[in-house]
1. Could you state how much accessible area residue 98 has, in square angstrom rounded to the nearest 10, with a 1.4 Å probe and all protein chains kept in place?
2. Calculate the length of the line joining the C-alpha centroid of the stretch 1-65 to that of the stretch 202-219, in whole Å.
3. Could you tell me the distance between the Cα centroids of the stretch 104-137 and the stretch 242-280, to the nearest Å?
4. For the chain, with a Gaussian network of springs between Cα atoms less than 10 Å apart, report the residue from 266, 237, 53 with the top mean-square fluctuation.
5. Give the peptides 100-108, 20-28 in descending order of average Cβ contacts within 10 Å, highest first.
6. Please compute the contact order of the stretch 1-108 in relative form: average sequence separation of alpha-carbon pairs under 8 Å and at least six residues apart, divided by the residue count, as a percent.
7. Counting pairs of alpha carbon atoms under 8 Å apart in space and at least six apart in sequence, what relative contact order in percent does the stretch 221-288 give?
8. Quote the relative contact order of the chain in percent (integer), defining contacts as alpha-carbon pairs under 8 Å separated by 6+ residues.
Amino acid sequence: MQLVIENLNKTYSNGVQALKNISLTIDQGMFGLLGPNGAGKSSLMRTIATLQEPDSGSIQLGTINVLTQKDEVRKALGYLPQEFGVYPKVDAETLLSHLAVLKGITDKKERNETVKALLQKTNLYEARKKNLGGYSGGMKQRFGIAQALLANPKLIIVDEPTAGLDPAERNRFLNLLSEIGENTIVILSTHIVDDVKELCSDMAIINKGQVLYKGSPTQALAQIRGRVWEIRVPKAEVEVLRAQFNIISEKLVGGTPVLHVLADTEPGEGFVAVDGDLEDVYFSHIFGTAPVEA
């Protein structure tokens with residue numbers, strides 16, 4: 001099954017054009033959607049999830065027309081939005097059972113078995129009687145995935161799922177997503193490059209409502225191979241270098257600025273060639289000149 005998005009456009013009433021002629025084909029497996037906050041990721045996810053209408057364009061999930069067959073889409077969809085609220089005074093087992101009814105699992109025996117299996121899959125079974133208000137951030141996110149998996153969805157959308165999680169909870173959550181992605185289309189929308197690097201075999205970078213890159217992380221790295229240069233300079237020299245070079249990232253290491261520059265040849269004295277990583281690919285599209293094809 002494929003999710004095919006063609007020429008999708010959306011402008012809000014305040015004049016902001018959130019989606020500009022977006023076209024993507026997404027196959028089964030983990031698909032990373034990278035972009036900064038405000039890039040249009042959530043607008044795209046909400047449109048796919050039938051929560052808002054585009055101005056123009058089409059979305060097809062297998063044989064389902066997403067824009068006209070909304071009920072069929074919702075039966076096939078698992079969705080974990082960026083802001084996932086829970087009832088704090090309800091325990092996980094009770095709420096998941098209630099959500100299962102809303103998803104159409106009305107047979108009590110089937111529902112109980114489904115709820116038990118999902119709580120075990122998300123490592124929440126031992127805490128199933130605990131009120132959700134007492135869950136950690138990572139536990140709430142795993143509960144969010146449990147509800148998204150109700151009724152065996154063909155498409156799962158997770159929007160900024162690891163923001164705010166500590167490293168242990170993040171790893172646990174990413175491992176769970178990886179397992180799910182073996183048999184389902186999973187769209188991981190995030191601004192965290194490492195999430196995509198660790199999980200996804202296919203990805204896209206979007207900014208200001210436009211697709212800047214579509215392909216595998218391996219292909220993306222090939223585009224910048226031999227073109228990333230690093231230099232360490234005093235803080236006073238950073239502004240001068242910004243005016244001279246295509247700087248794609250800046251960070252402080254031990255209090256000293258470390259700059260990465262995208263260039264086809266050595267930019268000058270003091271620059272050292274480095275192996276570009278997916279973060280360099282991301283920044284080269286967002287802040288620099290997009291790499292040429294390898």
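1. Ignoring ligands and nucleic acids, residue 98 comes out at about 100 Å².
2. 13
3. A separation of 48 Å, based on Cα centres.
4. 237
5. Highest mean packing first, the order is 20-28, 100-108.
6. Across the stretch 1-108, relative contact order equals 24 percent.
7. The normalised contact order for the stretch 221-288 reaches 45 percent.
8. 21
The values are calculated or read from the model by the stated rules, or taken from the named source; none is laboratory data. Only a predicted model underlies this, so the values are computations on that prediction, with no experimental measurement involved. FYI the Cβ positions are ideal-geometry reconstructions off the backbone, even for glycines, and counts take in every protein chain you see. The area values use the complete protein model at the heavy-atom level, side chains included, leaving out ligands, DNA and RNA. Shrake-Rupley method; radii C 1.70, N 1.55, O 1.52, S 1.80 Å.
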